[in-house]
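Read-outs: derived from the displayed coordinates by stated rules, not from any lab. Bear in mind that the values here come from a model prediction, so they are computed numbers and not experimental data. Here the Cβ is made from the backbone with ideal geometry for all residues, glycine too, and neighbour counts use every protein chain on show.
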Amino acid sequence: MGDDDNIRTEIRSLISSLPSDADFQGAKIYNYQGCWYRNFALQAVIDFQRNFKPTDTDIILASYPKSGTTWAKALTVALLERSVGGSCNNHPLASGSPHMLVPFFELDLYRKSPEPDLTKFPSSPRVFSTHMPLHTLRQPLMNAPCKIVYMCRNVKDVLVSRWHFYAKMAKKEVERSDLESMVESFCRGVHYFGPFWDSVLSYWRGSLEDPEHVLFMKYEDLKAEPCAQVMRLAEFLGCPFSQEEKRGGSVEKILELCSFGNLSSFDVNQTGTHNIFFRKGEVDDWKNHLTTEMQKKIDMVIQEKFQGSGLEF
Ligand code: A3P
């Protein structure tokens, strides 16, 4: 079946009027509101914008793919569920993968239906996720006081993680030529959910303008100071740790529950398509894969795009 076969006629004509290009695999991508999408995701983005009705307590976990979305989902579920506590086997995370518990707007909910029934949403507050940039969420959120958490990661680790992810999806070994094409398309800013810098900067600026509703987190900070960062996340989500919880080791229990080793060991995350979201979970793995030339190229683009933003990579 071709890429266009599941796209509704009305959306197809809208899509065909948009600028298009090809991603590193040669798949056609379309630029909508400054972001590149494959057509099925774009149909879902448009349906989301038309039909989503926010509630005041909604939580949205946003990221550029391969930045630690799975980890952010697990931590958020664990923080909201923490009365259950610890790494016990009946915790929702033991039976549902983070991606089942926190669906994507454009890759799950609105991909399956233009108007998904969100009244039976499994969690309260509702927790959603997305790879869309912040400006694409603005109109459907209609100033609702939702909490938005953005997870950012070093672009070089994102690239290497994506490279492995694509190889796993394609059920093949990683190939250097793919990495080279990915770096190329990354630096051009023409890639699925890219440009990377627009995704990051939209949420970075959003967090500076409205820190009460947009929290900007970094994968590397979570690794370096996990307790402080998870307490920051809890505070932002409106479920801070009490002194009693802190004394009782609740922060550490949540970190252990959501640690790479523990989370990836659950049966649900070892089966089906869920295991592709777990690889190494380390900082600076790019040093093992990128050539000096690739590094320099990426550094130049990053320096140019982030200059003056106040954001350090
Ligand atoms: P690596 O490929 O570098 O190992 P996403 O969830 O946005 O798709 O990102 C996937 C990346 O996050 C992968 O990185 C994966 O291994 C890592 N990851 C998944 N779960 C994690 C966890 N609990 N703690 C730390 N990293 C995790």
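Assorted remarks:
- Considering only Cα atoms, the convex hull volume of the stretch 53-187 works out to 146 Å³ per residue.
- Rounded to the nearest 5, the antiparallel percentage of DSSP beta bridges internal to the chain is 30%.
- For the chain, the Kirkwood estimate of hydrodynamic radius, built from reciprocal distances between every pair of different alpha carbons, is 20.3 Å.
- Built amide H within the under 5 Å cut-off of residue 214, gap 5+: 148
- Cβ-based exposure ranking for 231, 151, in which fewest neighbours within 10 Å come first: 231, 151
- Net dipole in debye of the stretch 163-290 [+1 Lys, Arg Cβ; -1 Asp, Glu Cβ; about Cα centre; nearest 20]: 320 debye
- Largest-first ellipsoid semi-axes for the stretch 174-313, taking √(5λ) over the Cα gyration tensor eigenvalues, angstrom: 31, 23, 13
- The trypsin sites (Lys or Arg not before Pro) of the stretch 103-142 that DSSP puts in a loop, and whose beta carbon has at most 14 other beta carbons within 10 Å, are 120.
- Of all lysines in the structure, the ones whose alpha carbon falls short of 20 Å from that of residue 53, not counting any fewer than 8 places away in one chain, are 112, 120, 147.
- Put the Cα centre of the stretch 24-71 next to the Cα centre of the stretch 167-234 and the gap is 14 Å.
- Computing FRET efficiency as 1/(1 + (r/R0)^6) for residue 265 and residue 6, where r is the C-beta to C-beta distance and R0 is 30 Å, gives about 0.25.
- MRE, 222 nm, helices only [DSSP H, n ≥ 4, -39500 (n - 2.57), over the chain, to nearest 500]: -13000 deg cm²/dmol
- Within-12-Å neighbourhood charge of residue 35 [Cβ basis; K, R +1; D, E -1]: -1
- Spin-label model, residue 167/residue 244: points 7 Å from Cα along the beta carbon direction are separated by 5.1 nm.
- Loop sites here are GluC sites (Glu not before Pro) outside DSSP states H, G, I, E and B with no more than 13 other Cβ atoms within 10 Å. The longest part of the chain free of them is 1-172.
- Of 229, 43, 303, the one that fluctuates the most in a GNM where the chain has Cα springs shorter than 10 Å: 303
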